[in-house]
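These notes concern the structure reproduced below.
The values are calculated or read from the model by the stated rules, or taken from the named source; none is laboratory data. Keep in mind the model is a prediction, meaning the values are calculated, not measured. So basically every Cβ, Gly included, is an ideal-geometry build from the backbone, and we count neighbours across all protein chains shown.
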Amino acid sequence: METNLYARLANQLTDQIREGIFEVGEKMPSVRQLASREEVSIATVTSAYGLLEERGWVEVKAKSGYYVKRRSEDRLAAPQPCRARPKPRPATTSQLVMEVQREAAANSGVSMSSAIPALDFPIINTVKKLYTQLARTQQYLGVGYGTPEGYYELRQQIARRAVDAGIFVSPDAIVTTAGCQNALALCLRAVTKPGDIVAVESPSYYGLLQMIEASGLKAIEIPAHSDTGISLEALQLALKQWPIKAVLSIATFSNPLGCSIPDERKAQLVELLVKHDLPLIEDDIYGDLYFGDKRSKTIKAFDPDGRVMLCSSLSKTVDPQLRVGWMMPGRYFEEVMYHKFINSISSPTLPQMVTAELLGQGAYDRHLRQARETYRQRFGQLVDLINCYFPEETRLSRPKGGLVAWIELPKQVDTTALYHRGHEQGISIAPGELFSISGQYRNCFRLSFAQGWAQEREVALRTLGEWIKEEL
Ligand SMILES: Cc1ncc(COP(=O)(O)O)c(C=O)c1O
């Protein structure tokens with residue numbers, strides 16, 4: 001019996017119960033029926049039902065079979081926004097960031113720390129084929145440098161897709177980069193100088209905090225709500241009090257909360273930017289991964305005068321190995337181009353050609369449809385697993401897209417200690433302290449739900465739950 005197969009079947013049945021296909025009290029398909037329908041062994045179905053019983057979804061009635069015991073009973077509250085008063089600080093990020101990054105790149109054990117896409121989508125084969133084909137058929141070597149703005153056909157594809165995010169932009173106003181991180185760094189450099197204060201959401205992706213540190217800037221952490229993102233009220237107060245020079249926002253399916261700023265608040269945020277004459281760098285790397293029926297608008301969609309600089313890449317939708325990203329720097333185009341030029345002159349052409357071809361084909365949209373549905377289901381499964389294995393005081397954010405969620409535990413649980421314990425046993429999480437520069441979130445951690453809940457991942461989550469309970 002393949003062990004992952006029964007876990008997969010159990011997850012499928014759980015989804016059917018959660019969606020009301022089987023009602024509470026109703027009899028589930030018999031072991032034989034299911035084995036023949038799914039073309040798996042009796043032992044696989046029995047183990048899948050055993051798992052559902054253990055998780056409290058079904059109960060056995062002697063000589064009759066399995067019956068639905070409950071529908072999704074979700075008792076987890078939402079994480080609380082941070083209460084510390086926003087104050088500018090030098091961004092000193094810990095050594096732990098590099099340690100967590102290295103561990104994630106080593107790809108050993110059970111990694112729930114890194115925000116990378118699932119590894120088993122067919123799009124990866126399409127990408128490999130495109131690399132082989134385009135390397136043979138296209139002239140990309142022996143032609144000198146590529147244009148500093150980037151491969152035109154790719155910029156054209158990005159401009160076409162931007163319409164869905166409410167942005168009408170010419171390919172000439174887009175610049176390609178080596179991933180989103182590179183785009184963010186170039187935009188930040190274009191609008192700040194060392195010593196300036198930059199406003200960030202709190203908790204915030206540690207890559208942004210590191211970048212602020214490396215640029216000699218100060219950060220001011222503005223509390224974010226786990227559902228609606230950055231607090232505009234807190235931002236407004238901070239703007240009155242401090243000479244903030246730029247705002248950085250992961251407005252849609254943020255990392256780490258997974259929250260999104262609702263459209264009307266995005267419009268209000270832009271009004272605030274106009275009032276204080278400020279630029280905003282929008283990191284839209286997760287924007288395409290919505291679980292609902294349509295993409296939400298970007299902050300850039302409300303931008304009246306080119307002050308919003310949008311950055312993104314294919315690292316979360318396809319593969320971070322591509323290292324293809326882009327930016328729409330608006331009115332800061334020339335400054336950004338200057339920094340791109342002094343940093344790298346131009347970007348390698350082959351990955352851009354592959355990406356242009358990928359975006360132009362229906363394959364990318366088909367892939368996104370599959371990825372969104374897969375991640376939606378995997379998040380639902382995570383909610384069940386946390387309900388089942390973690391203490392009831394656990395709080396969990398509810399992303400409506402993206403790849404990551406945020407967990408808050410009772411104050412006495414130290415997630416850095418939990419990280420070190422996991423490290424020894426081959427389980428990795430991203431501890432909360434990485435996401436703040438003021439020592440907050442020591443009782444929180446970020447969890448990625450992109451990979452399937454195979455048995456070893458479920459066992460790792462259960463083990464984490466047991467360790468947490470020991471601390472209470
Ligand atoms: C919010 C956010 N922005 C940027 C990045 C980095 O993107 P890239 O790999 O395209 O440089 C990440 C990666 O984790 C991220 O989560």
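Just checking, which of 177, 147 is touching a Gly at 6+ places or on another chain (Cβ under 8 Å) and polar (S, T, N, Q)?
Every option except 177 fails the conditions.
Yes or no: residue 132 of a type in the set (S, T, N, Q) and within 16 Å of the ligand (Cβ to nearest atom)?
No; evaluated as a whole, the condition is false for this residue.
Does residue 293 satisfy being farther than 14 Å from residue 165 by Cα and either assigned by TED's automatic domain parsing to the domain that holds residue 183 or touching a Leu at 6+ places or on another chain (Cβ under 8 Å) (or both)?
No, not satisfied.
Scan segment 322-329 and give yes if some residue there is among the aromatic types (Phe, Trp, Tyr) and modelled with pLDDT of 95 or more, otherwise no.
Checking segment 322-329: at least one residue is among the aromatic types (Phe, Trp, Tyr) and modelled with pLDDT of 95 or more.
Would you check which residues across segment 210-238 are touching a helix residue (DSSP H, G or I) at 6+ places or on another chain (Cβ under 7 Å), under 18 Å from residue 84 (Cα atoms) and among the small types (Gly, Ala, Ser) and list them?
Hit for segment 210-238 is 219, nothing else.
Filter segment 166-198 for residues that are in a helix (DSSP H, G or I) and away from the ligand (no atom under 16 Å from the Cβ); which is nearest to residue 351 (Cα to Cα)?
Of everything passing the filter in segment 166-198, 171 is nearest to residue 351 (Cα to Cα).
Out of curiosity, is residue 288 over 12 Å from residue 247 (Cβ atoms) and touching a residue at least 60 places away in the same chain (Cβ under 8 Å)?
Here the answer is yes, as residue 288 does meet what is asked.
May I ask you to say which residue of 83, 102, 70, 8 is out of contact with any Leu (no Cβ under 7 Å at 6 or more places or on another chain), more than 27 Å from residue 313 (Cα to Cα) and in a helix (DSSP H, G or I)?
8
Being in contact with a helix residue (DSSP H, G or I) (Cβ under 9 Å, 6 or more places away or on another chain), under 20 Å from residue 347 (Cα atoms) and without any contact (Cβ under 8 Å) to a residue 40 or more places away in the chain narrows it down to one of 154, 134, 141, 130, so name that one.
141
Kindly provide the set of residues from segment 31-54 that are buried (at least 18 other Cβ atoms within 10 Å of the Cβ) and either touching a Cys at 6+ places or on another chain (Cβ under 6 Å) or part of a loop (DSSP other than H, G, I, E, B) (or both), ordered by number.
40
Only residues that are within 16 Å of the ligand (Cβ to nearest atom) and not aromatic (Phe, Trp, Tyr): list them for segment 263-295, please.
280, 281, 282, 283, 284, 285, 287, 288, 289
Are any of the residues in segment 264-282 farther than 17 Å from residue 307 by Cα, in contact with a strand residue (DSSP E or B) (Cβ under 8 Å, 6 or more places away or on another chain) and of a type in the set (A, V, I, L, M, F, W, C)?
Scanning segment 264-282 turns up no residue that is farther than 17 Å from residue 307 by Cα, in contact with a strand residue (DSSP E or B) (Cβ under 8 Å, 6 or more places away or on another chain) and of a type in the set (A, V, I, L, M, F, W, C).
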